Every structure is written in C-alpha cells, then in structure tokens.
Amino acid sequence: MGTENPEAPAIIATFVFILLVVVIFVLFLVFIKRKNNLLTEKQQAQREFENAIAETQIEIREQTLRNISWELHDNIGQLLTLAKIQLHQLSNTSEDVSEVSDTISKSLTELRALSKLINPDALKNIMLPEALSLEVARFNRLNFIEATLVIKGEEQVIDDKAEIILFRILQEFFSNTIKHAKASKLDVTLTYANSKLTIVAKDNGKGFDESIEKLNKGIGLQNMKSRGKLIGAEIELESAHEKGTKLTIIHYL
C-alpha cells in the first residue's frame, strides 16, 4: 500500500481557497458592472426626464404666446377698436361716455388677465388648480366654450415637474376639444382623495371611434400616455362617435 502524500490536503485546500477567491472576485466584478449599468441607466432616465420637462415647458410657453396673440388680435384689439369708434361718434355730441368707459374697462380687465400668463415662469409660481382656473376663465371670457372647473377634497401640494406635465396633458385635451371636437361644453373635475389626484375632463363634442383613433393616434393618446409615464400617472381616454370624449388622469401623490 502506498502512503498518502501529506501535502495533498494542503494543496487541495489552497486550490479551493484560490478558486473561492476567484469566484468572489468575478462576482464582485459582475456586481460592480451591474451597479454601474444601473447608475448609467438611472442617469440616462433622469436626463430624458429633464429633457421632457424642458420640452413640455417650451410647448406650454409657445401655446401661451399663441393664446396671447389670439386674445390681443381677436378680443382686446376689437374692444379697443370699438372704444375708438365710440369716442369718434361722441366727439361732436354731449352724450354719456359710460359705454366707452365700460369698453375700456373690459379691455383693461383682459390685459390684467393676460399679464398673468406673460411671465414664462408663471406656471412655476401657481398650483395646478389655479392654472386650470385661468384656462377655464379664458375659455368662458372669450366664448370659446362653456367650461367649468370643480375641485373636490382638500388640495395637496404636487411636485412642480408633475404639475407641468399634468397641465400640458390637459392643455392638449382642451385644444382638441375647442379646435376639433365641435363641443359646446367642457367640464373639468379635480378630486383629491387617498393620496392621489384624479382629474376628469370631458366634453360633449363629436367624439371618435376609439379603435380607429388609437390606430391613427390622431388625438395624441400615445403622447399623453408617454407624458403620464414620466410621472407615474395613469391616463385613460374614452370616447364614442357623437357622444363626446372623456379624459381620466390618476396621479399618486
């Protein structure tokens, strides 16, 4: 019988130890690589989010400037022209100037309302309910559509960036309602409850076939959902031909 090599157990133990060290080192490298990949993905996602916020702010600003342009031309311009005509008619008479005064007062009221929108950072300084209130008031003031805003529950603070996204989504819906849906009524409801904000906007316009519209993406549903995904909001759009359209947004606070 041969004798066992007394160094064999030590060699085996050394080999096992080295193998364990190599395995641990490889696992550590894999962990570091995955961690770096996650950090890179997180940084990329953050950059994309910031870019989306910046683009949304630009879109809101551009839409606001378009609104101001329309109001200056179609509303305030007409009021001031009317005041000029009234003054001309009264120049050679002693009639009461109360109508002219009233027209000029309306013009000043319109200008004050516009001044709240001219500041490019206006939305940063007001909460979503106030921003929507200004929009609804503008629609009614200019007779674009009969609009209402109802707020239920106790208002809660929303992240500034989430407010920008939510406002832009609603702005897109409002634009479609006024320009394309041929609606006469627009109702918006904000409900604060159970740590979430539920926004429902619905019109009584001509509506559309959901299957066709989703295929064509004409109303921007995918765009709305993409924006909502940035802030974890759920977006649902319901419509039927000649039965209006309803937008529901659920944002967890």
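The values are calculated or read from the model by the stated rules, or taken from the named source; none is laboratory data. Small disclaimer: the values here were computed from a predicted structure and weren't measured. Here Cβ is always computed from backbone atoms with ideal geometry, including for glycine, and neighbour counts include all displayed protein chains.
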- [ ] Examine the range 202-216 for a residue that is assigned by TED's automatic domain parsing to the domain that holds residue 164, in contact with a Phe, Trp or Tyr (Cβ under 7 Å, 6 or more places away or on another chain) and modelled with pLDDT under 95, and state whether such a residue exists.
- [x] no
TODO: Could you check how many residues of the range 133-156 are modelled with pLDDT of 90 or more and surrounded by fewer than 12 Cβ atoms within 10 Å (Cβ to Cβ)?
DONE: 3
Task: Enumeration of residues in the range 221-247 that are among the small types (Gly, Ala, Ser) and over 13 Å from the mean Cα position of the chain (by Cα) - done: 239, 240, 244
TODO: Give me a count of the residues in the range 132-144 that are among the hydrophobic types (A, V, I, L, M, F, W, C) and farther than 18 Å from residue 169 by Cβ.
DONE: 3
Open item on the list: I'd like the full set of residues that are among the charged types (D, E, K, R), modelled with pLDDT under 90 and on the phi < 0 side of the Ramachandran plot, limited to the range 164-201.
Closed with: 168, 172, 179
TODO: Answer with yes or no whether residue 76 is in contact with a helix residue (DSSP H, G or I) (Cβ under 6 Å, 6 or more places away or on another chain) and at pLDDT 70 or above.
DONE: no
